[in-house]
Structure formats: structure tokens, C-alpha cells
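Take a look at the structure below.
The values are calculated or read from the model by the stated rules, or taken from the named source; none is laboratory data. Bear in mind the structure is a predicted one, so any value in this text is a computation, not a measurement. Here the Cβ is made from the backbone with ideal geometry for all residues, glycine too, and neighbour counts use every protein chain on show.
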């Protein structure tokens, strides 16, 4: 008994036959674009991109603030004149300031008055205290001409001759600490970025294997009709590249909005103790245009890493299927 006799006569549907466009078969993707696994991968890539963007933005803010600190501190010389029994503090301060003005390479010398020197202690001792009995030193700040070779040894000798209780500080110790801090921050940021990239590669690898397992019958049929590994891998490659771009744009865009919003918050809290402390550490939370460009490039790179990881996993999985 043939198939016609077994299943009955064939019926011509005529106009009731589904009419499909000629290119419908070519437009149908191998991997469904709106699958649950695809949406989960977009969420994972968006979260990873957001964390990476926050890390990169924080590193850029700290590095810019540290560079400003180093520039400001390196452009100043501080002289501290301590009070001593039997010596006139006001006279020693004036003599030390005159010795500083006589040195080449110093543009401006500003001695702090007694009230200004006492005001510097208010953050630690509070206001309204009688500091008459305390040995509060007098400070002198000199602004150094940029690019000039200041003779520190000669400056120290001249200042100590004018005021034996005076000490000269060129802030080298602070500059070294700032460099160490900024270097450690950059190193930590690179470590976090490396962890984010590794986590992204692992997530993409699992998602790729899951997609291959779900579409294994389709892959086997494609192999049967003569499709090569490169043809199949290209279809999966573009699928995961689009998912990576979508997740990268979402995560990077949210991070950019967060930095822009934090800049607005910083302006609201400017002038308060908390705002001043954060401004001293991270500046005004304002990323330069190059910083936002770096975040955008990073989002695209994470999408490229997503596609690259999926492609490597694809060829390994296709070898297993064969």
C-alpha cells in the first residue's frame, strides 16, 4: 500500500495554501533573537558593562584629581616658623618671608597671619578655642614659577639663617604618596576590568553552548545539506554580536547617565563638609568628553569580546557535534 492509499487522496488546497514570500526562508534566523537565553545574556552583558564603566570612570576621576593635587602641591613651597622662648615670632616670620622673596624662581610669598594660622586648626580642635597658650606655628606659602629649577638647598639655608626655628617643606613626600595612591587605584581598576572581562567570557561561553544545544537539530540538518562550520559560526557570531552591542549600549548608557547625575548631585552638596571631602577626593565628579568617549569605546569592546568568545566556543562545540 502506497502513501496515497494509506493516507487518502491528496487534496489541492488551491488558494487556501499558505502564501509565503520568496525570501522568507532566508530571512528566518538560525538562532531565535527574542529567546529567554538571549534576553538573559543581554542583561548579563549590560550589568558587566555597567560595572566596567563605573570602574573606568572612577579610575579616570581619581587619576585626574591626583594629577591636579600633584600640580598644585608641586607648585608651592611651605615654610613653617615655630615659636620659641626668647624669640619674636612675628619678626622671624617676616625675616623668613623676606629670605624667600630674595630667592629666584619664587613668584609670590604669602605669610599667614596669626588668626589664619589658628583657623587652620579648627577642623581638628573646633572653633572658639583660646590658642594663646598653644605653640601655634606660623605658615608661609611660596608659589614656585612653573618650569624653574628652584635651589632648595640654598632656600633652606637662607630661611634658617633668617629664622632658626623655620623648616622648609617642598611636599615631595606628599607627591610620592599621591603617585602611589593613583597608581594603586589604576592597578585595582585594571584588575576589576580583567575580572569583568573574564566573567563576561564565561557567561557568553555558557550561553553559546546552551544556544548550540537548543538548536542542535538545526545545526545537524545544516551539516547534512552541506553547510560548513564557518557558515554556521557566522550566523551565531552575528547573533551574539548584536546581543553584546545591545547589552553594552544599555550598560554603558546607564553608567554615563549615572556620572552625569552624580555631577549634578555634587553641585547640590558643594560647600558642605561632605561635599568638600568628596570634591577633595574625586574632584567635581565631572568626566571630560574624552572620559565619556572612553566609556563608549569600552561598551563596543565588550560587545566585540562577547562575539569573539562566542565564536571560539562555537567552533569547539561544532567539533563535538561532528
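Taken as a whole, the structure leaves residue 260 outside the set of residues that are at pLDDT 60 or above, farther than 25 Å from residue 182 by Cβ and assigned to a helix (DSSP H, G or I). Say whether the condition of being part of a strand (DSSP E or B) and outside the structural domain of residue 46 (by TED's automatic domain parsing) is met by at least one residue in region 169-176. Yes: region 169-176 contains one or more residues that are part of a strand (DSSP E or B) and outside the structural domain of residue 46 (by TED's automatic domain parsing).
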